[in-house]
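The structure appears right after this line, and notes come after that.
No value in this document is a laboratory result; all are computed from the given coordinates. This one's a predicted model, so the numbers in the text were calculated from it and none came from an experiment. So basically every Cβ, Gly included, is an ideal-geometry build from the backbone, and we count neighbours across all protein chains shown.
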Amino acid sequence: MKLPIRWKVTFGALLAVACSLVIAGVVTVRSLEQLHVVQLNDDLAAKARLVEYSLHQLFQSPEQPPPPSRIQSMVRELGSRASARITVIAADGTVIADSAVRDEDLPGIENHRTRPEVQQSLSTGHGQDVRASHTTGERTMYWALVMTGPKHGDPIVIRVGLPMMLLDHDIDQLEHKILIALGIAFLTALSLTIWLARGLTQPLSDIAQAAQRLASGSQTVPIKTTAQDEVGLLAATLNQLADQLHAKIGELSEDRAQLLAVLTSMVEGVMVLDRRGYVLQINPALERIFGIARAEARGRPFAELFRHRQLNELVEVMLRSRTNHESEIVLPLTSRCLQIEASVAGGERDNEACLVLVFHDITELRHLETIRKDFVANVSHELRTPLTSIKGYVEALLDGAKDDPDMAASFLDIILKQSDRLNLLIEDLLELSQIESGRVLFREDPIDVHAVVDRALSTMKPLAEKKRHRLLSRLEETLPLAIGDEDRLVQVLTNLLDNAVKYTPAGGTITVAAKHSSKPGAAERPGGSIELSVSDTGIGIPDSDRPRVFERFYRVDKARSRELGGTGLGLAIVKHIVEGQGGHVWVEANEPQGSRFIVRLPIGGGPRLPAQVTEASSR
Ligand code: ADP
């Protein structure tokens with residue numbers, strides 16, 4: 001992990017302090033050392049002059065040069081008084097006397113002419129040097145001068161030497177003390193630096209942590225700092241920024257949630273594209289319409305996702321022209337009819353909403369329109385047929401047929417029949433329109449199915465007998481009570497029986513049966529049902545026509561139906577009445593011959609359904 005700023009500051013400051021202390025220590029020790037050496041040098045010079053002064057008398061005597069033993073004893077005496085080594089050297093380098101050497105060893109001392117201090121003094125009058133003594137082996141500081149005015153012979157060099165041991169010891173002690181002082185200074189600087197660095201960097205770490213929390217999107221806590229400097233300003237700014245950011249995020253989330261709620265609850269499919277034609281957003285309704293998943297669609301090019309030529313062209317034109325468009329398409333697989341309202345949203349960059357397409361599923365609308373148109377056409381046609389016939393016969397009567405009593409009677413009979421047919425048609429139309437409009441409310445009474453079947457059979461008996469049909473009743477003994485409108489149920493049964501009589505050649509068998517079924521009458525009404533059926537041994541209905549016989553004006557054989565006085569509305573009325581009471585009706589083939597119409601009625605009742613709700617299912 002990277003080093004925290006606190007330790008960077010601490011180490012940086014400590015390094016600077018340590019460097020300063022080391023430099024200061026070294027400079028101090030060196031300066032003191034030099035000072036000591038200078039002082040020692042001065043000391044030696046003074047001592048050398050004093051020795052020269054003391055020996056001067058000895059060498060100024062008018063007689064012979066002084067005997068070496070005398071010089072040696074005097075040098076020894078002066079050496080012990082001056083606490084220094086004193087050497088007297090002849091100009092040729094011969095050591096005449098030395099306080100640090102025993103008398104008997106003197107002749108054996110090596111020649112000192114090559115000693116630097118001796119050479120210097122012989123050429124300049126005085127000389128100095130620091131080195132390990134050849135004689136004593138100790139590190140020694142030497143100071144030499146040439147004795148002035150000796151009466152006899154060559155000049156004589158007086159040299160004073162002082163061992164550096166004392167000086168070195170003093171310097172060692174000094175260094176030790178300075179080291180301790182520097183150590184204390186360093187420790188003080190260390191604690192001060194840590195304290196200062198902590199005070200300085202703590203708010204910065206708080207700010208860094210807060211910024212991290214802010215970036216990760218987690219709940220942020222305001223940064224607390226009492227600092228009034230730039231750090232305090234930074235913390236305050238960051239707090240302000242976090243507040244603004246939270247407020248903005250909150251606002252945006254709310255907007256987004258509302259938008260999503262709207263998009264999700266919309267029945268219309270919505271799709272948003274960017275300027276390249278890439279899908280940015282689709283809603284659940286669109287997922288259902290096109291059978292694609294939102295996750296799979298987002299971020300993909302529109303043309304790749306929806307392989308529909310007309311749709312792709314529309315999007316291309318819109319992306320080029322940037323104008324709103326409306327269009328209608330039919331999906332090839334599902335045959336659903338979609339109305340598209342495409343508007344330009346104005347996004348000028350990638351991933352920005354540029355086009356919004358709203359898809360209205362108008363399949364039902366279009367279907368209803370077709371039904372309505374067909375219905376109008378059918379009604380016109382159905383009305384026109386008897387009217388044309390009536391008109392024709394009336395004209396024929398007016399043209400002279402009225403004068404022929406037989407012809408007139410026959411024509412008037414036809415006119416009456418056509419008028420009855422017209423009347424029947426209009427009655428059925430009115431009935432159907434009332435049921436469909438929801439104005440007819442079905443009763444919800446307990447119904448004894450036995451009684452209903454008896455009523456219907458007694459009504460139909462004369463007609464059936466006329467065609468020599470056998471009317472059979474096969475009802476289970478113990479049937480539960482159905483819930484519904486008894487009169488309407490009788491009407492349903494009568495219609496079905498009427499058809500059975502009509503579409504069964506003379507001498508057929510028509511059976512009414514009823515049984516208790518465990519299947520529910522309707523999805524929302526559990527608890528079993530009653531299945532009421534009317535079977536005949538008549539002409540039957542081809543498989544392909546069976547699903548359509550409940551449509552208005554649908555007839556398998558138009559001519560035969562008209563001939564038999566049918567309006568083509570009977571089964572449509574049956575279906576509406578049954579479904580209006582929460583039931584279900586369908587037709588099957590009757591084995592070995594004929595048709596069987598089955599009405600499933602709920603037992604225990606349920607909410608009454610307005611007939612128009614079932615419009616779609618009456619197709
Ligand atoms: P219609 O007034 O023509 O009988 P319906 O709506 O009652 O009209 O019946 C629609 C069509 O269904 C009839 O034209 C006929 O072709 C057919 N159909 C109805 N009931 C039967 C049946 N029991 N046997 C054979 N065909 C039938």
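How much length, in nm to one decimal, is gained on full extension between Glu304 and Ser218, taken as 0.36 nm per residue of separation minus their Cα-Cα distance?
Additional length available on full extension: 27.1 nm.
Of Lys417/Lys515; Lys373/Lys558; Lys467/Lys575; Lys461/Lys558; Lys8/Lys248; Lys391/Lys502, which sit over 30 Å apart, Cα to Cα?
Lys417/Lys515; Lys8/Lys248, as the Cα separations exceed 30 Å there.
Can you give the Kirkwood hydrodynamic radius for region 239-368, in Å, rounded to one decimal and based on Cα pairs?
15.8
Please give the FRET efficiency for Arg443 paired with Arg322, using the beta carbon to beta carbon distance and R0 = 51 Å, rounded to the nearest 0.05.
Calculated value: 0.25.
Provide the per-residue ³J(HN,Hα) series for region 566-574, in order, calculated from phi with Karplus coefficients 6.51, -1.76, 1.60 and θ = phi - 60°, each as a whole number of Hz, with x at glycine and proline positions.
Values, residue by residue: x, 9, x, 10, x, 5, 4, 5, 4 Hz.
Once amide H atoms are placed 1.01 Å from N in the peptide plane, what residues at a sequence separation of 5 or more from Gly438, or on another chain, have their amide H within under 5 Å of its amide H?
Under 5 Å from the amide H of Gly438 lie the amide H atoms of Ala611, Gln612, each far enough along the sequence or on another chain.
Write down the Å³ per residue value for the convex hull defined by the alpha carbon atoms of the chain.
Per residue, the Cα convex hull of the chain comes to 367 Å³.
Report the label-to-label distance for Lys515 and Gln258 in nanometres (one decimal), using points 7 Å from each Cα along the Cα→Cβ vector.
Calculated label separation equals 6.1 nm.
Which whole-Hz couplings ³J(HN,Hα) result when phi for each residue of region 475-482 is put into the Karplus expression 6.51 cos²θ - 1.76 cosθ + 1.60, θ = phi - 60°, listed in order with x for Gly and Pro?
Values per residue, Gly and Pro as x: 9, 5, 4, 9, 9, x, 6, 8 Hz.
Suppose R0 equals 45 Å; then what is the FRET efficiency for Arg474 and Ala295 from their Cβ-Cβ distance, rounded to the nearest 0.05?
Step by step, r from the Cβ atoms, then E = 0.20.
In Å and on Cα atoms, what radius of gyration and Dmax does region 6-170 show?
Spelled out, the Cα radius of gyration and Dmax of region 6-170 are 21.4, 87 Å.
What list of ³J(HN,Hα) couplings, whole Hz, do you get for region 88-95 from phi and the Karplus terms 6.51, -1.76, 1.60, once you set θ to phi - 60° and write x for glycine and proline?
These are the phi-based 3J(HN,Hα) values: 10, 10, 6, 4, 7, x, 6, 7 Hz.
I'd like the orientation of helix 68-82 relative to the chain: the angle between its Cα long axis and the longest Cα principal axis, in ° from 0 to 90, rounded to 10.
Taking Cα atoms only, the helix is inclined about 40 degrees.
How much length would be gained if the chain were fully extended between Cys19 and Ile414, taking 0.36 nm per residue of separation minus their Cα-Cα distance, in nm to one decimal?
Additional length available on full extension: 128.9 nm.
Take the eigenvalues of the Cα gyration tensor for region 337-411, scale each by 5, and report the square roots as semi-axes in whole Å, largest first.
64, 10, 4
How much length would be gained if the chain were fully extended between Ala45 and Asp350, taking 0.36 nm per residue of separation minus their Cα-Cα distance, in nm to one decimal?
Using 0.36 nm per residue and subtracting the Cα-Cα distance, I get 100.3 nm.
Could you give the dipole magnitude of the chain about its Cα centre, charging the beta-carbon of Lys and Arg +1 and that of Asp and Glu -1, in debye to the nearest 20?
Roughly 480 debye, rounded to the nearest 20.
Evaluate the distance, in nm, between pseudo-label points positioned 7 Å from the Cα of Val379 and of Gln339 along their respective Cα→Cβ axes.
For the pair Val379/Gln339, the computed spacing is 2.3 nm.
Could you check the simple spin-label distance between Ile184 and Lys558, using points 7 Å along Cα→Cβ, in nm with one decimal?
12.6
Which Cα, out of Val272, Ala297, Thr334, lies furthest along the positive dipole direction of region 266-361 (beta carbon charges, K/R +1, D/E -1)?
It is Ala297.
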